[in-house]
1. Could you give me the residue pairs with C-beta distances under 7 Å whose first residue belongs to region 12-37 and is at positive phi, whose second residue is open to solvent by 70 Å² or more (accessible area, probe 1.4 Å) and among the polar types (S, T, N, Q) wherever it lies, and which are 6+ apart or on separate chains?
2. Among the residues of region 1-36, count how many are among the acidic types (Asp, Glu) and surrounded by 15 or more Cβ atoms within 10 Å (Cβ to Cβ).
3. Do the conditions hold for Glu66, that is, is it on the phi < 0 side of the Ramachandran plot, among the charged types (D, E, K, R) and modelled with pLDDT of 95 or more?
4. Looking at (1) open to solvent by less than 50 Å² (accessible area, probe 1.4 Å); (2) of a type in the set (D, E, K, R); (3) at pLDDT below 95, which is the only condition Asp39 fails?
5. Is it the case that region 53-70 has a residue that's in a strand (DSSP E or B) and either surrounded by 12 or more Cβ atoms within 10 Å (Cβ to Cβ) or touching a strand residue (DSSP E or B) at 6+ places or on another chain (Cβ under 6 Å) (or both)?
6. Does Ile48 fit the bill of being open to solvent by less than 70 Å² (accessible area, probe 1.4 Å), in a loop (DSSP other than H, G, I, E, B) and of a type in the set (A, V, I, L, M)?
Amino acid sequence: MCVAAPGKVIGIEGTKAVVDFNGNIVNAEAGLVHINIGDDVLVHAGCIIQKLSPFDRDMLFEIIEELENI
């Protein structure tokens with residue numbers, strides 16, 4: 001099963017974004033969503049599929065934390 005993961009855009013190089021997942025740096029396709037450096041995003045299968053609002057980001061991290069404690 002593949003799960004989308006939240007990360008922060010730390011760089012943009014053409015249609016690729018450099019995304020930080022808590023210290024894991026990954027390149028992701030950025031052509032589907034308009035993004036800027038500093039945006040929180042949701043990445044699935046190597047593509048940014050959504051820009052996250054601060055509220056959505058916080059809720060997602062709460063859910064992830066709950067799942068880690070099961």
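The values are calculated or read from the model by the stated rules, or taken from the named source; none is laboratory data. No experiment lies behind these values; they were computed from the predicted model shown. So basically every Cβ, Gly included, is an ideal-geometry build from the backbone, and we count neighbours across all protein chains shown. These area figures cover heavy atoms from the full protein model, side chains too; ligands, DNA and RNA do not enter into them. Shrake-Rupley method; radii C 1.70, N 1.55, O 1.52, S 1.80 Å.
1. No pair meets every condition.
2. First pass over region 1-36, keeping only residues among the acidic types (Asp, Glu): 13, 20, 29.
Those left that are additionally surrounded by 15 or more Cβ atoms within 10 Å (Cβ to Cβ): 29.
Residues that pass the stated criteria total 1.
3. Here the answer is no, as Glu66 does not meet what is asked.
4. Status for Asp39: all satisfied but (3).
5. Kept after step one, since they are in a strand (DSSP E or B), are these residues of region 53-70: none.
There is no residue in region 53-70 that is in a strand (DSSP E or B) and either surrounded by 12 or more Cβ atoms within 10 Å (Cβ to Cβ) or touching a strand residue (DSSP E or B) at 6+ places or on another chain (Cβ under 6 Å) (or both).
6. Working: open to solvent by less than 70 Å² (accessible area, probe 1.4 Å): yes; in a loop (DSSP other than H, G, I, E, B): no; of a type in the set (A, V, I, L, M): yes.
No; evaluated as a whole, the condition is false for this residue.
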